[in-house]
Amino acid sequence: MSSSSTAPVVRYSHQTLLIDADDTLWENNIYFERAIASFITYLDHKVHTVEQVREHLNVCERATIAAHGYGVASFRRSLVDCFEQLSESPITPERHARILSFTEAISSNEIELLADVPETLEELAQRHRLIMVTKGNEVEQTDKLERSGLRSFFSGVEVLAEKNTDAYRGVIAHHGCDRGVTWMIGNSPKSDINPALAAGLHAVFIPHDFTWVLEHETVDAPTGSARLVELAGFRELTKYF
């Protein structure tokens, strides 16, 4: 991927930084992956491989998200749907309860901030306008933000049903963002980087080792005056901003 991170460092001042939450500020997908691993072990399918079961679950998740949006409740529905479609045995109340039990830790875990996030946000907030832009269930995302202790660093919070080009255009209009000095920062090519670039924003890509498979996508090259930077960690933002 072509990235301006290999060029001499230019420190931008008085920018608007739109910052993703899950797997950019704090761990998120690892908890879902643990639940999926437990689910696949419990299903113990005699024909389909682990990889085939996971791919079928991906299909279920796409369908559930389209119908019900993101969040833990949708994820639970996807697990149940996957079990019903792949298991030769009917899903009894006991099996249903067992499947749901795999997801209990997702909501109960303490927020695990990624390395250097609080101190980096504190420094960035002194020089720039920070707006958290995430997607998912509004109650769940707002609760995670409040429990994270990071709320005071953000002048605004957007919890979107989906992060696509039109959604970014809406954020730009709502917050009066100047595209020339506005950056989207996140770990997901599909939700954070590509649609933001398409909306005319700059972008900072900070990969995460466990980004959700449904967020995988080839990172687009910026066009026009847009700039793209890829960083190894959140703390590196202070080199540019």
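The values are calculated or read from the model by the stated rules, or taken from the named source; none is laboratory data. This is a predicted model, so every value here is computed, not measured. No Cβ is skipped: glycine too gets one built from the backbone with ideal geometry, and neighbour counts run over all protein chains shown.
Report whether or not residue 107 is under 30 Å from residue 180 (Cβ atoms) and at pLDDT below 95. Here the answer is no, as residue 107 does not meet what is asked.
Looking at region 43-53 only, could you name the residues that are without any contact (Cβ under 8 Å) to a residue 40 or more places away in the chain and crowded, with 16+ Cβ neighbours inside 10 Å? Quick ask: steps written out before the conclusion?
Step one: list which residues in region 43-53 are without any contact (Cβ under 8 Å) to a residue 40 or more places away in the chain, which gives 44, 46-53.
Scanning region 43-53 gives a single hit, 53.
Residue count for region 28-61 satisfying the condition of being under 25 Å from residue 145 (Cα atoms) and of a type outside the set (Val, Ile, Thr): 8.
Do we find that residue 193 is surrounded by 18 or more Cβ atoms within 10 Å (Cβ to Cβ) and under 10 Å from residue 18 (Cβ atoms) in this structure? Walk me through how you get there before you give the answer.
Details: surrounded by 18 or more Cβ atoms within 10 Å (Cβ to Cβ): yes; under 10 Å from residue 18 (Cβ atoms): no.
No.
For region 25-45, how many residues are among the charged types (D, E, K, R) and closer than 13 Å to residue 83 by Cα? Qualifying residue count, region 25-45: 1.
Have a look at 99, 40 and point out the one that is over 28 Å from residue 239 (Cα atoms), of a type outside the set (Phe, Trp, Tyr), in contact (Cβ under 8 Å) with a residue 60 or more places away in the chain and part of a helix (DSSP H, G or I). Give the steps one after another, and end with the answer.
Working: 40 fails: in contact (Cβ under 8 Å) with a residue 60 or more places away in the chain.
The unique qualifying residue is 99.
Apart from one condition, residue 220 fits all of (1) over 17 Å from residue 124 (Cα atoms); (2) at pLDDT 95 or above; the exception is (2).
Only one of (1) among the aliphatic types (A, V, I, L, M); (2) touching a residue at least 40 places away in the same chain (Cβ under 8 Å); (3) in a loop (DSSP other than H, G, I, E, B) fails for residue 133. Which number is that? Every listed condition holds for residue 133 apart from (3).
Quick one: would you say residue 89 is modelled with pLDDT of 95 or more and either closer than 21 Å to residue 234 by Cα or assigned by TED's automatic domain parsing to the domain that holds residue 34 (or both)? Here the answer is no, as residue 89 does not meet what is asked.
The criterion of being out of contact with any Pro (no Cβ under 8 Å at 6 or more places or on another chain) and assigned to a loop (DSSP other than H, G, I, E, B) holds for residue 88.
Of the residues that sit in region 141-164 and are of a type in the set (A, V, I, L, M) and under 13 Å from the mean Cα position of the chain (by Cα), which one is surrounded by the fewest Cβ atoms within 10 Å (Cβ to Cβ)? Among them, the one singled out is 161. Only one entry in 170, 186 is closer than 21 Å to residue 65 by Cβ and touching a Ser or Thr at 6+ places or on another chain (Cβ under 6 Å), namely 186.
Residues that are of a type outside the set (Asp, Glu) and within 17 Å of the chain's Cα centre (by Cα) were ranked within region 110-129; the one that is surrounded by the fewest Cβ atoms within 10 Å (Cβ to Cβ) is 115.
Scoring residue 126 on the criteria (1) in contact (Cβ under 8 Å) with a residue 40 or more places away in the chain; (2) more than 25 Å from residue 71 (Cα to Cα) leaves a single failure, condition (1).
Which of the following residues is more than 30 Å from residue 130 (Cα to Cα) and surrounded by fewer than 15 Cβ atoms within 10 Å (Cβ to Cβ): 10, 80, 59?
On the way: 10 fails: more than 30 Å from residue 130 (Cα to Cα); 80 fails: surrounded by fewer than 15 Cβ atoms within 10 Å (Cβ to Cβ).
It is 59.
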